[in-house]
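Take a look at the structure below.
Coordinate-derived values only; no laboratory data. Predicted model only: the values in this text are computed from it and were never measured. Here the Cβ positions follow ideal geometry from the backbone for every residue, glycine too, while neighbour counts run over all protein chains shown.
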Number of protein chains: 2
Amino acid sequence: MASILLEVPWMKENCRIVLASSSPRRQEILGLLGLPFEVVKPKFAEDLDKSKYTPREYVMANARIKCAEVVMKLAHPRHPLSEEMERKVGIVIGSDTIVVRGDTILEKPQDADHALEMLQALRGREHQVMTAVAVSVAGAEDPVAICEVTTVTFAELSDEELKAYIATGEPFDKAGGYGIQAVGSLLVTGIRGDYQNVVGLPLGALSRLLVSELGQYRQKVALRD
Amino acid sequence: MASILLEVPWMKENCRIVLASSSPRRQEILGLLGLPFEVVKPKFAEDLDKSKYTPREYVMANARIKCAEVVMKLAHPRHPLSEEMERKVGIVIGSDTIVVRGDTILEKPQDADHALEMLQALRGREHQVMTAVAVSVAGAEDPVAICEVTTVTFAELSDEELKAYIATGEPFDKAGGYGIQAVGSLLVTGIRGDYQNVVGLPLGALSRLLVSELGQYRQKVALRD
């Protein structure tokens, strides 16, 4: 399951890893693997029509689009790559996180009122956090994606408490209006599932996907040779 | 529940908070409250006879002893305190974390073989992480303690994978031989309960304890005045 631990030396030597995400939290989590990676921020406006997707389809589509955009960008480099880089297997990782309450998708709040509304909808009950991860190996334009779901339970909280939390400024760049890895942890009584998935990148699921995609790629290359 | 958010301004003004723990992870989590605090490392050797306690009693005893030791130390300051410090309500927080598999308490591994043995006992199944927190307000020598329990599920892992993990050096200063907040997250498929409790300090439970103990203290003082 965690066999990425055994693959890290090979990947260090033979892969060029690109994270298609501007989230510092995702960068921090991916950094745990001890593999060097670059960050290329996708420009995708995340403006898909939510009414046409289930939450799971929606978050997976976002991750795939971000990944594919960066794959395209890397296919046409502005500067020629070094020979070493040319030789490496490119791996692009795209990701998106949403908070889902019932059938409603909560993304980043626009202002304090919007944050209060979101947090009121979450208090005293369970919701789901879904993070999708899309991976492209060796320039494949159709990334493979998975979606990990974690259930989060919020404490019963007064409006006064929610406002005190919003005043910390933390909700504004976070799906659902809270950050579980910081002061927002005080809003949460518990979770079921993968914690890093709530922060923004399910490292276990991503690792399994990477190992399986790389395995397939290496098999294909071996057959061709 | 999270009403510590409302108490922080008062506590900033009126409390002197001391964390009786040498764990940088506990310091990081406590820091999320935005309250200044000092760190005083307890010298307690953590050598209670485990056979005389249930795991829960054992971890709570450790937290209480660490807390009480630092309370005693602060009661006899080497240098006179400033007037401002004298006026403040002292709060000492002690804590201890253990990993429990069945009835067996796992603490920090002594060497690589010991770490492997621990991780073999944990793989492919559930275990409990218990963190106890003891709080003393205004010099009380008998700290009040609570114990938070989180269930952690490990992936099925081969000896080879466990050895690759041990080679990272991460297991050695950690109860149970893994760190969920770092590379060790790859060993874990999911948790049920409070995440920070697994890292080493259940901030939600600690906050509720602080708010309740401070409330009782203020009531007592008000009655006396």
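Rounded to the nearest 10 degrees, the inclination of helix B:112-122 to the longest alpha-carbon principal axis of chain B is 90 degrees. Placing unit charges on the Cβ atoms only, positive for Lys and Arg and negative for Asp and Glu, gives the stretch A:26-95 a dipole magnitude near 160 debye about its Cα centre.
Only aspartates and glutamates eight or more places from residue B:50 in sequence, or on another chain, were considered; those with a Cα closer than 12 Å are B:103, B:107.
With its label point put 7 Å out from Cα toward Cβ, residue B:126 sits 1.4 nm from the same residue's point in the other copies, in order from shortest.
Charging the Cβ of each Asp and Glu at -1 and of each Lys and Arg at +1, and nothing else, the dipole of chain A about its Cα centre rounds to 640 debye.
With the helix formula -39500 (n - 2.57) applied to DSSP H stretches of n ≥ 4, chain A reaches a computed 222 nm mean residue ellipticity of -12500 deg cm²/dmol. Residue by residue along A:188-200, Cβ atoms of other protein chains within 10 Å of the local Cβ number 5 on average. Distances from residue A:6 to itself in the other copies, using label points 7 Å out along the Cα-Cβ axis, amount to 5.5 nm in increasing order.
Across the alpha-carbon set of chain B, the Rg to Rh ratio works out to 1.01, Rh being the Kirkwood radius. Label-point spacing at residue B:216 relative to the other copies reads 5.9 nm, in ascending order, each point sitting 7 Å out from Cα along Cα→Cβ. Only Lys, Arg, Asp and Glu carry charge here, each on its Cβ (+1 for the first two, -1 for the last two); on that basis the protein assembly as shown has a dipole of about 140 debye about its Cα centre.
What whole number of Å gives the distance from the Cα centroid of the stretch A:66-83 to the Cα centroid of the stretch B:65-107? Here the answer is 55 Å between Cα centres. With the convex hull built on the Cα atoms of the protein assembly as shown, state its orientation-averaged projected area in nm². The Cα convex hull of the protein assembly as shown, projected and averaged over all directions, gives 25.6 nm².
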